[in-house]
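These notes are about the structure you will find just below.
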Amino acid sequence: MQSKRLGWILLAPTLVILFFFGVLPFFYVVFVSFHSWNPFAVNPEMVFNGADNFRQIVFDPAFLHSIGVTVMFVFFAVVSELILGYILAQAFMRDFPGKAIFRTIHTLPLIMAPIIVGSVWKLMTTPSIGIIPHYLDEWFGITMNIGTSAPAAFATIVLMDVWHWTPLVTLTLIAALVSLPPDPFEQAQIDGAGKRQIFWHITLPMIAPAVVATVFIRLMDALRTVDEVWMLTGGGPGSATRFVGVHIFKEVFPKTNYGYGSTISVIVLYLTIVSCWLLYVTMLAPRTKRD
Amino acid sequence: MANVTIDNVIKRYGSVQVMHGVSVDIEDGEFVVLVGPSGCGKSTLLRMLAGLEEISDGTISIGDRVVNDVLPKERDIAMVFQSYALYPHKTVYDNIGFPLKMAKRSQSEIDDKVTKAADILDLTKYLKRYPKELSGGQRQRVAMGRAIVRDPQVFLFDEPLSNLDAKLRVTMRIEIKELHQRLGTTIVYVTHDQIEAMTMADKIVVMRDGRVEQIGSPLDLYDNPDNVFVAGFIGSPSMNFVHGKIATEEGVRVFVSDSGLKLPLPETTARDGQEITYGIRPEHIQIGPGGVEMDVVVVEPTGSETQIFAKAGKDLIDALVKERINARPGSKLGFVINPADVHLFDRASEQRI
């Protein structure tokens, strides 16, 4: 009995923090999402409007567009990060001169705040002063202007995200690869599997839990990307990079449309949970029996 | 099926040489056991046969083909690892069928062969299970099934029974031997357990420190060990060794140990005064009158036999007899040694005389 009480005592601080900073705000957002509320308007009252916000959101082209670009962004960024991260992880599994230094440098982006990453990339990509447009023009004769070209802006943001977060993928995949037993790989060689077959039949299934966990983390992170994009493009040009996080931000802060902003947040949270659940069901649930 | 020739194989890791010119000829269909203490190079040799380790010098041939630079998957071999190396994410069926799938065989052929192998190994009930849901012995059999379906030229076994408990080990030993008799495929089997080697092998290769100490049939090694190492390694409990010299006393040639114990000698070319290591197996010693008197130290009855440790001076002798003997520690017993059972080795070179 004593150990049970001790368990609750040790858990209490976490539970309190979780309640005040997780559970309570969540229910508050859900509550607000059923209201029309603009605290800075002439009438700052919170007015209950039922499912009006939800009805509006389904037909809101700006919201649907933001979901579309977000999905594209998440797809390109996370897939590139996985492929690049896996290649780097495999490289770090081998010995080469300068490995320790390279590995340290390669993780540096992880410790940088998104807002700083956004500022630095803005400096590098601003036409006429940025290093990237300058050399693209000088070496290849390509004009790059993320202020006017939607594809350039979108690609730059994907690239920035890949630069920022690939090290995380690399680190988790290294951890997964290191923990693999060597015997099944030697066995597969003897069983007649080539390099590609070993990857698809042995390596990938065996590191699948780590891959899925990494995709979870990156998916949730990427779906709510705001600050880097806000710094770099502000969602532009036009609405080309107006990801759903940026959309909520614009709805809530400049427009002070708290009710509608909350509704979007609830919907996005719902979509995030559903996509993670689908990922879990398709990738990991069949494994529980064998692990 | 094929014969295997290992010719003067050398293995170096950087500047450290760990295998010093090993040569072994393996006949088609033979069951060969590589045995030796850990670190003797037996597993390395097997891995070189499999193609998992490079060969620094010498040649290895399977059939008539030199395979030094042939990839493991093209050597037409199957291997069973100590850890079984099952694919944890595949069912028993998919584990066994994996080599066939890699060889792009038709689904009906895979079905056919997997079912047959499962039948031989009594795994039919478990085909849909994952390795995690199997016992050690069943996993072992899955690993063997995966080897069988390939119908390879050579089977390689790397200490396949080490992770099983003693009882299961005996059962699996019989199963592997039966399998060999049934398939007739060449088998190279690595173990550190000399009982496994004795019971299973057609031919035993005893290794130490990257060298072959002796090659021969189990009974050949038991009866005529080439040197002290092989004599001590083969046989359980292991052979007694006493160090001393040969002398002639009152016209009779005897062995006199360093602490003065006198033991009977067989006909030998060794000359008087030569430094000798005298070997006698515990099971070749009888207890009775007329033997060498020794002080009993410990008596270990096991029911079927009795093991007695006795001392004379500094020499400790171990005898294994069928009879039940009630001797108290400290009492004296006569140890009868038949000179024909004695093995003599040169003390310095440790080679048989």
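Figures for the structure shown
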| quantity | calculated |
| --- | --- |
| Per residue accessible area in Å² of the protein assembly as shown, where ligands, DNA and RNA are left out and the probe is 1.4 Å | 50 |
| Sequence ranges A:43-53, B:78-88, A:186-196, ranked by mean other-Cβ count within 10 angstrom, highest first | B:78-88, A:186-196, A:43-53 |
| B:Glu54 paired with A:Ile273, simple spin-label distance in nm, labels 7 Å along Cα-to-beta-carbon | 5.7 |
| Selected from B:Thr306, B:Thr199, B:Thr268 as most flexible by GNM, with chain B as the system and alpha-carbon contacts under 10 Å | B:Thr268 |
| Of the DSSP H helices in chain A, those whose Cα atoms cover at least 30 Å axially and whose Kyte score averages -1.0 or more | A:61-93, A:150-178, A:258-283 |
| Residue-averaged 222 nm ellipticity for chain B, from DSSP H runs of 4+ at -39500 (n - 2.57), nearest 500 | -7000 deg cm²/dmol |
| Percent breakdown of C-alpha pair distances by 10 Å bin, ordered from the shortest bin, for the protein assembly as shown | 3, 11, 15, 15, 14, 13, 11, 7, 5, 4, 2, 0, 0, 0 |
| Value of relative contact order over chain B, rounded to a whole percent, pairs C-alpha under 8 Å and six or more apart | 16 |
| Pairwise FRET efficiency - B:Glu178 versus B:Thr248, Cβ, R0 = 60 Å, nearest 0.05 | 0.65 |
| Reduction of at least 40 Å² in accessible surface, 1.4 Å probe, comparing all protein chains with the chain by itself, residues of segment B:73-105 | B:Lys73, B:Phe81, B:Tyr87, B:Pro88, B:His89, B:Phe98, B:Met102 |
| Rounded Å value of the spacing that divides the Cα centres of segment A:148-162 and segment B:321-353 | 87 |
| Kirkwood Rh, Cα atoms: Rg over Rh of segment B:240-346 | 0.98 |
| Förster-model FRET efficiency, 60 Å R0, A:Thr126 and B:Gln17, C-beta, rounded to 0.05 | 0.45 |
| Calculated [θ] (222 nm, deg cm²/dmol) that DSSP helices of n ≥ 4 give over chain A, each run adding -39,500 (n - 2.57) | -21500 deg cm²/dmol |
| Two-site label geometry, B:Asn163 and B:Ser238: point separation in nm, points 7 Å out along Cα→Cβ | 2.8 |
| Interface A:B - total buried accessible surface [probe 1.4 Å, Å², rounded to 100] | 2200 |
| Separation of the A:Ile217 and B:Gln274 label points, Cα + 7 Å toward Cβ, nm | 7.2 |
| Listed residues B:Pro264, B:Ile276, B:Thr306: farthest to the positive end of the dipole of segment B:240-346 (Cβ charges) | B:Thr306 |
| Computed over chain B, Kirkwood Rh from alpha-carbon pairs, angstrom | 22.9 |
| Three-way shape call for chain A based on the alpha-carbon gyration tensor, with the a/c threshold at 1.5 | oblate |
| Farthest positive-ward along segment B:4-233 dipole, Cα basis, beta-carbon charges - from B:Tyr93, B:Met172, B:Asn224 | B:Tyr93 |
| FRET E, pair A:Glu138, A:Ala100, Förster distance 35 Å, beta-carbon r, rounded to 0.05 | 0.50 |
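The values are calculated or read from the model by the stated rules, or taken from the named source; none is laboratory data. Just so you know, these numbers come straight off a predicted model, no measurement behind them. Glycine gets a Cβ as well: all are built from the backbone with ideal geometry, and neighbour counts include every protein chain shown. Areas reflect the complete protein model, heavy atoms only, side chains present, ligands, DNA and RNA absent. Shrake-Rupley method; radii C 1.70, N 1.55, O 1.52, S 1.80 Å.
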